[in-house]
Amino acid sequence: MPPRWRGLLLTAPALAVVAFAGGALLLAARGSLADGLGRGWSLSAYAGLLQDPAFADSLLLSLKIATLSTVMSAALALAVVGAVSGSRRGRAALETAARATLAVPHLLAAAAFALLLSGSGLISRLTHAAGWTDGPADFPALVAGTTPSAVVLTYVWKEAPFVTIMLLAAYTPAVRDLENAIRTLGAGRMRRMRHVTLPLLAPALTEACLLVFAFTFAAYEAPALLGATVPRALPVEAVELYRSVELADRPAALALAVVIGMVIALAALAAAAISRRLLLARTGP
């Protein structure tokens, strides 16, 4: 088989997924331009979103959830990978634990954190038994509260292992050799991380952060189960509008889906630009 066809065959599954997602987004864009009654085309759905203060609140909430989840997952993964970088057994144990966590569905993880962090959950009962709180009312509102604490913690627990696996895959023997070389010159752990490990792992970290941001920005389960009802994250708002008995709400729901896709596309472009800049910094123009 010619190399060109072989490469196309190997990339066919990924291209099929991209084509499917792109087709779905195009259908959503087409539906968002309908007038709700199937009589013509209109931009009223987008105009309604721009005029609705709840849309801005939902957008900011989704951006906050995705940004905090991405930053905290990346920081935790970097810290853990850096801590076990000198131990082969430690890396193997870390990879095993990370893969085990990845096998847990997000819906199950959200339900577990609801049982753990709610006002009547396990931690609340333990704090009451220890005498730290007088009752559930004194426990912080982590679930369905004013801040998306439970949602972010759920995503960090789920996504930090994913980032860890991405970093472990990029942590090649060449990286370890460079770390050992600079260690012999007297560099401490933080200096090795800043000048060697982090620059070499930056491309893999950028790709992992993009995937985490895209997923946490567009995911439905955790914000629906653990988030507040006002404001609601964009995916939750889109699903609720799509399930509405009012047909006039359908274009608004699809417009929200298009907005979600556009934000993810902008994040992908930013990540591609950062990756290209990192590659040029390593290899030269």
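The values are calculated or read from the model by the stated rules, or taken from the named source; none is laboratory data. The structure presented is a predicted model; accordingly, all values stated were derived computationally and were not measured. Neighbour counts run over all protein chains shown; Cβ positions are idealised from the backbone, glycine included. Note: accessible area is taken over every heavy atom of the protein model, side chains too, but ligands, DNA and RNA are not part of it. Shrake-Rupley method; radii C 1.70, N 1.55, O 1.52, S 1.80 Å.
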Close pairs (8 angstrom Cβ cut-off, 6 or more residues apart or separate chains): closer than 20 Å to residue 113 by Cα and aliphatic (A, V, I, L, M) in segment 123-138, assigned to a helix (DSSP H, G or I) and at pLDDT 80 or above anywhere: 123/116; 123/117
Residue within segment 31-54 that is within 20 Å of the chain's Cα centre (by Cα), under 13 Å from residue 256 (Cα atoms) and either among the aliphatic types (A, V, I, L, M) or in a helix (DSSP H, G or I) (or both) present: no
Complete set of residues in segment 197-213 that are of a type in the set (Gly, Ala, Ser) and either free of Cβ contacts under 8 Å to residues at least 60 places away in the same chain or in contact with a Pro (Cβ under 6 Å, 6 or more places away or on another chain) (or both): 204
Meets criteria (more than 14 Å from residue 157 (Cβ to Cβ) and touching a Phe, Trp or Tyr at 6+ places or on another chain (Cβ under 7 Å)) for residue 133: yes
Selection from segment 122-138 of residues that are surrounded by fewer than 19 Cβ atoms within 10 Å (Cβ to Cβ) and within 28 Å of the chain's Cα centre (by Cα): 122, 123
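Can you pull out every residue in segment 181-227 that is part of a loop (DSSP other than H, G, I, E, B) and either surrounded by 18 or more Cβ atoms within 10 Å (Cβ to Cβ) or of a type outside the set (Gly, Ala, Ser) (or both)?
Filtering segment 181-227 down to residues part of a loop (DSSP other than H, G, I, E, B) leaves 185-188, 219-220, 227.
Of everything in segment 181-227, those that are part of a loop (DSSP other than H, G, I, E, B) and either surrounded by 18 or more Cβ atoms within 10 Å (Cβ to Cβ) or of a type outside the set (Gly, Ala, Ser) (or both) turn out to be 185, 219, 220, 227.
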So residue 54, is it loosely packed, with under 15 Cβ neighbours inside 10 Å and touching a residue at least 24 places away in the same chain (Cβ under 8 Å): yes
Test: residue in segment 160-174 that is over 28 Å from residue 64 (Cα atoms), in contact with a helix residue (DSSP H, G or I) (Cβ under 8 Å, 6 or more places away or on another chain), open to solvent by 70 Å² or more (accessible area, probe 1.4 Å) and modelled with pLDDT of 85 or more: yes
Candidate set: segment 74-110, residues that are of a type outside the set (A, V, I, L, M, F, W, C) and not in a helix (DSSP H, G or I); chosen: the one modelled with the highest pLDDT: 105
Odd one out for residue 71, checked against (1) open to solvent by less than 60 Å² (accessible area, probe 1.4 Å); (2) modelled with pLDDT of 90 or more: (1)
Single residue of segment 228-246 satisfying the filter (of a type in the set (Val, Ile, Thr) and modelled with pLDDT of 90 or more) that is most open to solvent (accessible area, probe 1.4 Å): 239
Residue list for segment 139-159, filter: closer than 23 Å to residue 59 by Cβ, open to solvent by 40 Å² or more (accessible area, probe 1.4 Å) and assigned to a helix (DSSP H, G or I): 153
